[in-house]
Amino acid sequence: MALNSVTSRWRKFKFIEGKESLFVYIGIGLAYVLLMVLSAFVFIGFKDKITLEMKFSSEKSFNSIYMALTDGSDRAEAVMKEEKVSAIGLYSVTGRGITVFGEAPDTLPLSQLALTRQSTGDSTMGVYTFNGETKTIEYFRLSRLNTMLDIGTLYYGTGIPSQRVTDIPEIIYVKFDGSSYFSSLLQTRVIAIFTVIVITFLAMLVLNIYNSNRRYRDALTRHENLASLGSAARTLTHEIKNPLGAMTIQMALLHKILPVQYKEDLDVMDKEIERITNLTNRVSEFMKDPLGNPEKIDMIPFITDITTLFVQEIKVDSGGLKDAFVMFDRGRARSVFENLIKNATESASGRMTEVEVQIRRKSRKQVQILVLDNGDGLPKGPQDALFDPFYTTKAKGSGIGLAISRQFVTARHGSLTLHNRPEGGTAVEVLLPSAEYEEEVEVEGAEAFE
């Protein structure tokens, strides 16, 4: 029972470990949504607060001016100026002005005001209309809140129409400067937009940090694995080479003493011994210094010479270039491009592939070499796995060729990448610093040092 419990917990842990990225992305996404919703609620709250303050201020201004009317129109005008009110008026239920000051209209458009009041549903604080161009706000309300406005007809408590009354002050109207309200509203919107940008930036930053840490962790794990693999491979190749030497000597002896009818079997054994020998040599090549002794190589004739080693025709297209010099160890360069062209020729199952090598100057600083084929294309899955030592999708192959090639190219400050071609097949891109650019850098460095 205890063993089963431990096994169950281990399986759950492995499941979570494999889905780590999914959980992190979901967590960041949920946090982002929650922060955005919270920001929206805060923005709405601030907007409502500003609006309530504006409504309270308009009621206060009207009351102050109305009280000042008892002291005369001059006093009322002074208070209007102090309260930044441009118009105030008392109107009958028909919309006719009874007492108007400032820019107040003689009549009110009751039908429009009634529709506005019905759409807002705000009967306690009156109706507000906003003019964003003039930065003014018009406010009106019924002086008796138990009445209902319906295009000039007055209704009392029970909703039964009464006698139509005119010239009774039933509607209060105020027009005032709303610059501070619009300014506060604009500031709130700017802060809300800025908050959205900051939250989005933080979410992207967290994602970027997580992805960077993940890549760094994967690279560290890969380097640790390569170090362990290198130590094991070094020991293994050393132990294999000794018996291989003895086997080679014995095979040569058997070729001499055995009758001709055994030659076919001996040839098979020779090929298998040669295959193991080549594998150990390649592993040793992977473990040794990837830089070697760089020399100036013109890649156009160099690659053309390599293509003659293959049975099928390999087209070399230099794009009209006269030369394409790079600094590379000649033996390592041959190993890289022999392996890439060989992979291209074997990229299709059951048919011959068309292979082309294109040599271009991508810029003054870089030489680009493309190895193109019309094979089956790259396998599905992470492309980085193709560069892992001993990883292969072929029935026959050691899986170490691409790892060695990338190591040699990277040592020369270049890059090696694989891509699926839109028309089918694979494109292998090798970018290397041009020899001319490296010479310029060396000269500039020497002059700076002097």
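The values are calculated or read from the model by the stated rules, or taken from the named source; none is laboratory data. Since we're looking at a predicted model, the values are computed, not measured. Cβ placement follows ideal geometry from the backbone for every residue including glycine, while neighbour counts extend to all protein chains displayed.
Does Tyr173 satisfy being among the aromatic types (Phe, Trp, Tyr) and modelled with pLDDT of 80 or more? The answer is yes for Tyr173. Out of Gly399, Gly375, one residue alone is modelled with pLDDT under 85 and over 24 Å from Asp323 (Cα atoms). It is Gly399. Scanning segment 320-356 for residues that are within 16 Å of Leu432 (Cβ to Cβ), part of a loop (DSSP other than H, G, I, E, B) and among the small types (Gly, Ala, Ser) yields a single hit, Ala324. Give the number of residues within segment 319-344 that are touching a strand residue (DSSP E or B) at 6+ places or on another chain (Cβ under 8 Å) and among the charged types (D, E, K, R). Total meeting the criteria: 3. Flag set for Ser363, criterion: exposed (fewer than 13 other Cβ atoms within 10 Å of the Cβ) and either over 21 Å from Thr410 (Cβ atoms) or touching a strand residue (DSSP E or B) at 6+ places or on another chain (Cβ under 9 Å) (or both).
Anything in segment 102-148 that is polar (S, T, N, Q), modelled with pLDDT of 65 or more, over 19 Å from Leu185 (Cβ atoms) and in contact with a Phe, Trp or Tyr (Cβ under 8 Å, 6 or more places away or on another chain)? List them, or say none. Scanning segment 102-148 gives a single hit, Thr107.
Within segment 414-434, residues that are assigned by TED's automatic domain parsing to the domain that holds Ser347 sit with their Cβ atoms under 8 Å from residues that are of a type in the set (D, E, K, R) and buried (at least 19 other Cβ atoms within 10 Å of the Cβ), at 6+ positions apart or across chains, in these pairs: Leu416/Arg406; Gly425/Asp373; Thr426/Asp373; Leu432/Arg412; Pro433/Arg412.
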